[in-house]
Structure formats: C-alpha cells, structure tokens
Amino acid sequence: MSSGTYRPEPLLPLTYCQSEPHPPAPPPLVDRGCFNWLRRNLFPNWRQSLLSILIFSLLAGTAWHLARFLLVDAVWWGDTGEACRPSDGRPVGACWAFIADRYKYFIYGSYPLDQRWRVNTFFIAGGLGLAYLLWPRAPFRRLGLTLVIVALPLTGFIFLSGWDAVGLPDVPTNLWGGLMVTIVVAAVGIATALPVGILLALGRRSHLVIVRWLSIGLIELPRGVPLVTVLFMANTMLPLFLPTGLNPDKLVRALVGITFFAAAYLAEIIRGGLQAIPRGQYEAASALGLGYWKTMVLIILPQALKVAVPNIVSINIGLFKDTSLLLIVGIFDFLSTIETARIDPRWAAPTISTTGYAFAAVVYFSFCFGMSRYGALIERRLSRDHGR
Amino acid sequence: MAVTKTPIPANSFAVQVRELSKWFGNFQVLNRIDLDISVGEKVVICGPSGSGKSTLIRCINQLEPFESGRLHVHGVEMSGARKDVQMVKQQIGMVFQHFNLFPHLSVMENCVLGPMTVRGLSRRQAEDVADHYLARVRISEQASKFPGQLSGGQQQRVAIARALCMEPKILLFDEPTSALDPEMVKEILDTMTDLARDGITMICVTHEMGFARQVADRVIFMDKGQIVEVNRPDVFFKIQSNERTRQFLANLVR
Ligand SMILES: Nc1ncnc2c1ncn2[C@@H]1O[C@H](COP(=O)(O)OP(=O)(O)OP(=O)(O)O)[C@@H](O)[C@H]1O
Ligand SMILES: [Mg+2]
C-alpha cells in the first residue's frame, strides 16, 4: 500500500496526435529464482508460512513411516515366511522376499510353464505398440493407432488362448491368471468398448427409430445396474442368447459384459462430444457432397473425440481397475493372485498381507497413472496439431 | 474412381423453382416460390431478416427438404433418383456466413477433402487443384495453417477456395460478409467480384447493395417467404414497383 496523501495525476490534454510511434519494448523482468518461487508460493505471509510448515511436517511424518515400512525395515531376501517373522524384537516391515518368490505367479497365474513365451511375446508386442503410440512423429499414424489399440489386443487374445490350426496349443482360460489377465481383459475391453461406444453414440442420434431405440436400450441397461450384475448376467445369460452348442469361454463372457458396461459409458461421453459440434460442420460436409459415414469419420468424430479424450481416458482407467471384479465370476486377475498367495501357509508372516496389497497398489497405480499421462499427452498433441 | 461429370443439358437454366413451399411446423417459411436462374447468371437475393432467403438457397442445395413444389438443377429433378441428385449436388458449392471450415484440418486439408473423397482425385491432383484456387483467392501462403489461426476474412477466402475446389457450376453464398469486420468485407467482395467474371452461376444472399449494383444480373427481393420483386439492378435501385421493396431499401443505410 502506498502511503502519503493522494496526489492526482496530471491531466491529459483533451486532444492528442501521436507524432512518433513508441518503439517495441521487451517484457519486464520477473524473478524466476527458486528462492523467490518458494517465498511467493509457500511463505508469502506468516499465516501461509505456518500452514505450509504444518502440512510439510505431516507429509514428512507420513513419508518417514512409509519409508521405514517399505524400505528400511523391509525384508528383501528369504525363501519362506520364516524370514519375515519378527525375531528378537526387531521390527519387520514389508516382506519383499514374498513378492520376489511369487512374482511369476502374479504375472502369469497358472499359465503352463512351457507356454509362457507366448505371454512374454504378447507383453513385448504391447510394449512396442506403446512405444509407437508415444513416438511423436510416427509414420502411418492413423493405421498404426488402429492396429495398436484394436488389432493388437484381439490378436493377442487369440494368440494366448491358442489356435490349433497354426500349431499353438490351447491354453484354457481357467489357467490364465495374474497381471496378464488384468492386462488382456483391460486391453481387449478398451479395444472393443471404444468402437462399440462410438457406434452406440451415433446410433442414439440416428434418425432411424429402431436403431435409436436399440442404442438407447444398450446404453441405459448396463448403465442402470452395477458392473457385478452385468458380469453375472453375462456369465449366466449370454449362453441363453446364443445358439445351443456355442458355449463361449468364461473369460469371453466376462469380456462381453465388461465391454458393454464400458461401451455404455463411453457412448454417453462421445454423445456429449457429438453435441458440441456445431450444425455448420454437418452442413459444410453435406455441401461438399460427403455422405453420412464420410462426414462422421472425417469431420465429426475427430472433433467429437477430441473433446471427449479426458473422459474417455477416465473410463478406460475405470475399466482397468474394474477388472478386479472378475474374481466374482471365478477369473483369476492380478488382485486375486495376490489374495491367493497371501494366505499360502508357506509364507505365513504378519506383514505378508500388507506387503501384497502395497505391491498391488503400486502396480495398479503405475498402470493407471501411465494411462492418465498418456491421455494428457494426447490432449497436448491434439491441441498443438490443431493450431490452438 | 473415375472423374465423372454430367454434361449440362441443353436446357440452359441452372436452377428452376416452381411453386416451392416449405414449412417449419405450422409456420410457412417459403410460400409458392417461382424462380428461373440461367446458367452463368449472377443473382443477388435480399430481404428483411426472417424472410426465408437462407432457407431458399438451402433448399436449392438440399440442406433443407421442402414439402411441396418442384426444383430442377441443371435440368435434374432434385427429388428424383438419388444418384442423379448426388451428382448434381456435387456441382453446387456453398459459402456460409460463419465459414464453417473444419477446425481440425489445415487449410490445405480443408480444400483437398472434397476433391479426394467425393470427386475421387488423387492427393496429388487434389493438391494441384487446391493450390490453384488458394492462389485465386490470394491465400496460398496460409495453406499449412489451421482455420483457428486465420482472420475472419482469410477464413472466408479459404471457404470460397474450398467450395471452388469441387469445381462447382453453381455457387451459393449465404451472407458471406455479414460476420466480418468492415475492413474484411471488401476483400471478400473483391474476391466474389473477381469470381463473377467466370462463367459460374452465382446466387448470393447479401445486403451489400454496392456489390449487387456492380455484379448482379438480377436482384431478387423476398419478404415473408415470397418473392416480391425481381429486376435488373439498375432498374431495381431506381424504381421499385412494390411498396415493401421501397421501404426495405429506404431503411438500408447504404
Ligand atoms: N430450423 C428451423 N426451425 C424452425 N424455424 C426456422 C428454422 N430455420 C429458420 N426458421 C425460421 O424460418 C424463417 C426464415 O428463416 P431464414 O433463415 O431463411 O431467414 P433469412 O431470410 O435468411 O433471415 P436472415 O437475414 O436473418 O438470415 C425465420 O422466421 C426463422 O425463424
Ligand atoms: Mg439467413
């Protein structure tokens, strides 16, 4: 606040004519030092400083407890639960020896040992696909995107379940388990839910009454019941709708359920995106002579999906986490393998459960956070590509 | 796909409208419109807001359906066989008040989209065509930019180029300058005046009476969904036979 008495500014003349333009000037310098940043943002006045210090000490306390449990007191080596049982009063933290011992089970479940190269191949292909998605100036972008997001999970599924014609022995899905099931289900779910969701969204806006009603039904039904119910229904009712003799695999049934559940939510999100497209875009496309599908694929959907990207990513993150419900219909996803392993008497020790859940949390978080970052990357790319 | 062009039939009318009526619900927007526009003619449509000007040219372009009456474009009945209609529709270009460029595509992509997907040109050919028309509207240097990076006047010139890339025989303009700042109005009108020298048929909804005087072969005045007066511009601006036309022109400050 300025002190002193108020002095009016000198008055400007009523008329004015510029004789010489002002030369352009560089922007004024702003302090950018680390110290200045701290002072401006964390310690601008004593009240805020107190709050900052309080919060920091709470955070530091929590971090210390976590670090002690997860790192300092952790047990890293050992073959049985014996290693993780507290002896002579020594505190015992996380039992990483348990994770190290059972990690293969957490990844492959009971997938036959001599066939695990298939899972590894699938993971490597997925890794390459991801690298391609992250590659900023990748060639054949549109084709590549479809291949990685849609074709890879579907071929991966066939590759893992086996195909006698090409000499890949069948591996029944009740042997699948662990992280691989979680990843396969999430990937196939995303791969199928996105196209289905787009079709449902378009269907709901269709002028054909039958198509519209059908889409509304397929959207509102899964949205109106919990995923658990959808999974049970898919499990018990799907065979009833299909011709007799065609009894789809349990995992496939669950996948159909998950797909429709996610697709229903995606459809509504995409419909929101579609509604954001002004009518002029349809009219301009029509004036150029584009038909319905060309208008949708080339003009409307690219813009609608761009608006919907953050929400689409959220739904896909949700889908990834919802795979843990597969346990209910008897499919061994990642979380179920941890559940099974932690009650294994060979590894009976007080911190086994906590360790298992901590590990699960870290794994789930890395995947979900990765997806979230990828979504942010897409958003940035789209806004840069469109010149805004 | 081969590049196909339907020859213009011997009939020398670009557009023939007979007894065309259209309703929005119970409200009659167009009331028994009769209109003949010759090939190569430049026509300006004016009239008070809500008189149905946009609706009329949107009917010509099949953006709006109409309930009764007949519409022929280059001799083809527009409610007839779908294939013929699709073919004729390709020959009608349209420029909108709000440009309606595709914001997710660059200027060049905006221009090659139609030629590639509808006319079946290769990308190479389409880009040649686009280069030609972007130069024609004097905007070649912006080809790689996105619509959001251009001024209104530049966007409208791109929109004109995009329409021209379809090599239409008829070009419809729906108030192409009314969303623009005064400085840009002139650049668009100049572009349109330049286009008018070609043989293309132009139907413009506009209130730029200077443009009408200079370019139009005929001026059409519409009110309440009806064509009230049609005349050559020199006559139209001197003596109006209809009272409503006179009032309308008196209220225009130009
Ligand atoms: N989609 C629609 N639904 C209902 N009424 C409409 C629709 N489009 C236009 N109208 C009405 O039809 C009438 C004519 O509209 P039109 O857009 O053709 O007028 P215009 O002469 O182009 O007017 P302006 O100079 O304001 O553009 C108006 O009264 C308008 O309210
Ligand atoms: Mg209008």
Report task. When a/c is below 1.5 the answer is rounded, else prolate if a/b is larger than b/c, else oblate, so apply that to region A:1-155 with a ≥ b ≥ c taken from the square roots of the Cα gyration tensor eigenvalues. Result -> oblate
Query raised in the report: When N is the residue count of region B:13-251, what does its C-alpha Rg come to as a fraction of 2.2 N^0.38 Å?
Result: 1.01
Query raised in the report: So, with +1 on the Cβ of K and R and -1 on the Cβ of D and E, and no other charges, what is the size of the charge dipole of the protein assembly as shown about its Cα centre, to the nearest 20 debye?
Result: 240 debye
Report summary line: Once the dipole of region B:13-251 is set up from charges on Cβ (+1 Lys and Arg, -1 Asp and Glu), the residue from the list B:ALA81, B:ALA216, B:VAL235 lying farthest towards its positive end is B:ALA81
Requested in this report: For chain B, find the longest principal axis of its Cα atoms and tell me its angle to the long axis of helix B:123-136, 0 to 90°, nearest 10.
Outcome: 50 degrees
Query raised in the report: Roughly what % antiparallel, to the nearest 5, for the DSSP beta bridges in region B:13-251?
Result: 55 percent
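With charges set only on the Cβ (+1 for Lys and Arg, -1 for Asp and Glu), what does the dipole of region B:176-231 come to about its Cα centre, in debye to the nearest 20?
Numbers: 5 positive and 10 negative charges, 49 e Å.
Result for region B:176-231 is approximately 240 debye, rounded to the nearest 20.
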Requested in this report: Enumerate the amide H contacts of B:SER21 below 5 Å, restricted to partners 5 or more residues apart or on another chain; note that Pro and chain-start residues carry no placed amide H.
Outcome: B:ARG32, B:ILE33, B:GLU67, B:SER68, B:GLY69
Query - Given charges at Cβ of Lys, Arg, Asp, Glu: chain A dipole, positive-most of A:ALA284, A:ILE331, A:GLY203 - result: A:ALA284
**Report entry** Exercise: per-residue mean of other protein chain Cβ atoms within 10 Å, B:85-92
**Finding:** 2
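What's the average, rounded to a whole number, of partner chain beta-carbon atoms within 10 Å of each residue's beta-carbon in A:278-286?
Rounded to a whole number, the mean comes out at 6.
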Requested in this report: May I ask which residue of B:VAL158, B:LEU101, B:PRO65 lies farthest towards the positive end of the charge dipole of chain B, with charges of +1 (Lys, Arg) and -1 (Asp, Glu) on Cβ and the Cα centre as origin?
Outcome: B:PRO65
Query raised in the report: Ranked from highest to lowest mean number of other Cβ atoms within 10 Å per residue, what is the order of the peptides A:82-91, A:121-130, B:195-204?
Result: B:195-204, A:121-130, A:82-91
**Report entry** Span-rule helices in chain A, defined as complete DSSP H runs reaching 20 Å or more along the axis (Cα) with Kyte mean at least 1.6
**Finding:** A:178-204
Query raised in the report: Which value, to two decimals, describes the C-alpha radius of gyration of chain A once divided by 2.2 N^0.38 Å?
Result: 1.35
Query - Cys residues of chain A counted as unpaired, since no other Cys beta-carbon is under 4.7 Å - result: A:CYS17, A:CYS34, A:CYS368
Report task. Rounded to the nearest Å, what's the spacing between the alpha carbon centres of region A:229-249 and region A:309-388? Just the number, please. Result -> 27 Å
Query raised in the report: Just counting partner chain Cβ atoms within 10 Å, what average do the residues of peptide B:97-104 show around their Cβ?
Result: 6
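No value in this document is a laboratory result; all are computed from the given coordinates. The model shown is predicted, which means the values in this text are computed figures rather than measured ones. FYI the Cβ positions are ideal-geometry reconstructions off the backbone, even for glycines, and counts take in every protein chain you see.
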